[in-house]
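**Student:** Quick one: structure below, then a few questions.
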Amino acid sequence: MIIIIDRSDDGISKPLWRWIMNIRLLKIYKEVYELRSITKATETLYISQPAVSQAIKELETVLNRNLFVRKSGGIEPTPFGVQFYLQVTHFLKGYHQFEADVLKLNQSNPLRIGSSITVAKTTLPDIIKRFESLHLDNKTETTIANAQDVLALLIEDKVDVAIIEGTMHDETFETIHLGFYNLKFFSKYELNISNLETLLQHRVLLRESGSSIRNAFEALLLENKMIYQPTWQAVNSEAILFAVSQDLGIGFLPEVLIHNEFYIYNDITSDITTPITLCYRKNQVFEDPLNEFVDIVIKAFGK
């Protein structure tokens with residue numbers, strides 16, 4: 001933003017708050033002024049002559065002043081144009097310093113990543129290593145939690161980007177669907193289970209209420225018009241895997257986490273899935289490292 005000081009008849013200065021200049025127009029004006037030629041400015045700026053002329057016209061319309069006097073040999077700045085040039089150069093110098101400072105800030109501040117547990121145990125390490133190997137100046141800070149807590153961190157601006165199991169519905173955030181995790185029931189040994197009804201007669205080891213995995217389980221019950229009262233639930237998948245290894249009950253987790261030594265019940269139900277979603281706030285200041293990270297994530301999930 002550039003503020004021009006106008007002098008009223010009584011000599012009192014007043015800011016023209018309506019001035020919000022397009023940086024591009026100011027750069028074009030500076031080039032035309034210094035070269036004293038619209039034609040030469042088009043060559044250095046690599047834009048068309050009509051575009052340069054239109055930019056000068058837009059400035060003159062907003063200013064309600066002529067910036068140049070057209071002569072047969074070219075153009076000359078008006079007295080107002082000379083004073084305007086001095087303000088423009090001062091402003092652009094500060095603006096370029098601002099750009100450089102933001103770039104340094106961009107590089108020195110870590111990219112804050114939030115991840116749900118399954119993503120952290122599978123794909124995330126390779127994603128972070130890839131990002132940090134390509135961008136040595138951009139470090140990362142990672143928080144692992146359930147999807148609800150990760151989304152809360154994103155909304156509170158405590159992380160810049162989140163990869164979750166589940167979905168997000170908020171128009172202030174960009175969301176990219178990355179795929180699905182297949183969810184499976186599994187136990188230490190094969191049990192005499194032929195359908196969902198007989199499976200629910202056993203202790204089912206579940207993730208906590210509100211997690212995407214728990215939501216999928218409850219949706220399965222609703223679809224089959226069944227009721228189950230949980231007696232064992234955990235806030236992470238490791239606890240469920242360990243409990244199943246101790247023959248404590250039947251686990252319900254993404255298939256990608258289930259070890260080969262466990263027995264998986266593939267024929268109990270039709271496919272049960274939970275979506276994987278990438279989320280980040282729109283119009284962030286540090287766009288370059290974020291966009292690069294997003295590209296790496298998308299490629300990692302084969303999108």
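**Student:** For residue 32, are the conditions met, namely being in the same structural domain as residue 85 (by the TED database), assigned to a helix (DSSP H, G or I) and modelled with pLDDT under 90? If you could, list the steps in order and put the result at the bottom.
**Tutor:** On the way: in the same structural domain as residue 85 (by the TED database): yes; assigned to a helix (DSSP H, G or I): yes; modelled with pLDDT under 90: no.
In short, no.
**Student:** Turning to a different aspect of this structure: Could you list, in sequence order, the residues of the range 154-163 that are within 13 Å of the chain's Cα centre (by Cα) and either closer than 14 Å to residue 115 by Cβ or part of a loop (DSSP other than H, G, I, E, B) (or both)? Working first, answer last.
**Tutor:** Step one: list which residues in the range 154-163 are within 13 Å of the chain's Cα centre (by Cα), which gives 154-155, 157-163.
Across the range 154-163, the qualifying residues are 154, 157, 158, 159, 160, 161, 162, 163.
**Student:** Within the range 165-201, work out how many residues are surrounded by 14 or more Cβ atoms within 10 Å (Cβ to Cβ), in a loop (DSSP other than H, G, I, E, B) and either in the same structural domain as residue 144 (by the TED database) or in contact with a Gly (Cβ under 8 Å, 6 or more places away or on another chain) (or both).
**Tutor:** Qualifying residue count for the region: 3.
**Student:** At pLDDT below 95, under 34 Å from the mean Cα position of the chain (by Cα) and of a type outside the set (D, E, K, R): which single residue out of 260, 291 fits that description? Spell out the reasoning first.
**Tutor:** Numbers: 260 fails: under 34 Å from the mean Cα position of the chain (by Cα).
Sole residue among the options that is at pLDDT below 95, under 34 Å from the mean Cα position of the chain (by Cα) and of a type outside the set (D, E, K, R): 291.
**Student:** Collect the residues in the range 212-225 that are surrounded by 12 or more Cβ atoms within 10 Å (Cβ to Cβ) and of a type outside the set (Asp, Glu), keeping them in residue-number order.
**Tutor:** Filtering the range 212-225 for residues surrounded by 12 or more Cβ atoms within 10 Å (Cβ to Cβ) gives 212-221, 223-224.
Correct list: 212, 213, 214, 215, 216, 217, 219, 220, 221, 224.
**Student:** Name the residue that is farthest from residue 23 (Cα to Cα), counting only residues in the range 71-102 that are in a helix (DSSP H, G or I) and of a type in the set (Asp, Glu). Reasoning before the result, please.
**Tutor:** Within the range 71-102, the subset in a helix (DSSP H, G or I) is 79-102.
Among the residues that remain, those that are also of a type in the set (Asp, Glu) are: 99, 101.
Numbers: 99: 12, 101: 17 Å.
Ranking the candidates gives 101 first.
**Student:** Which one of these is closer than 30 Å to residue 234 by Cα and either modelled with pLDDT under 75 or not assigned by the TED database to the domain that holds residue 241 (or both): 120, 41, 55? Spell out the reasoning first.
**Tutor:** Working: 41 fails: closer than 30 Å to residue 234 by Cα; 55 fails: closer than 30 Å to residue 234 by Cα.
So the residue among 120, 41, 55 that is closer than 30 Å to residue 234 by Cα and either modelled with pLDDT under 75 or not assigned by the TED database to the domain that holds residue 241 (or both) is 120.
Residue-wise test of (1) in contact with a Phe, Trp or Tyr (Cβ under 8 Å, 6 or more places away or on another chain); (2) modelled with pLDDT under 95; (3) part of a helix (DSSP H, G or I).
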{"residue": "210", "(1), (2), (3)": "no, yes, no"}
{"residue": "244", "(1), (2), (3)": "yes, no, yes"}
{"residue": "248", "(1), (2), (3)": "yes, no, no"}
{"residue": "268", "(1), (2), (3)": "yes, yes, no"}
{"residue": "276", "(1), (2), (3)": "yes, no, no"}
{"residue": "283", "(1), (2), (3)": "no, yes, no"}
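The values are calculated or read from the model by the stated rules, or taken from the named source; none is laboratory data. Just so it is clear, the model here is predicted, and its values are computed rather than measured. Neighbour counts run over all protein chains shown; Cβ positions are idealised from the backbone, glycine included.
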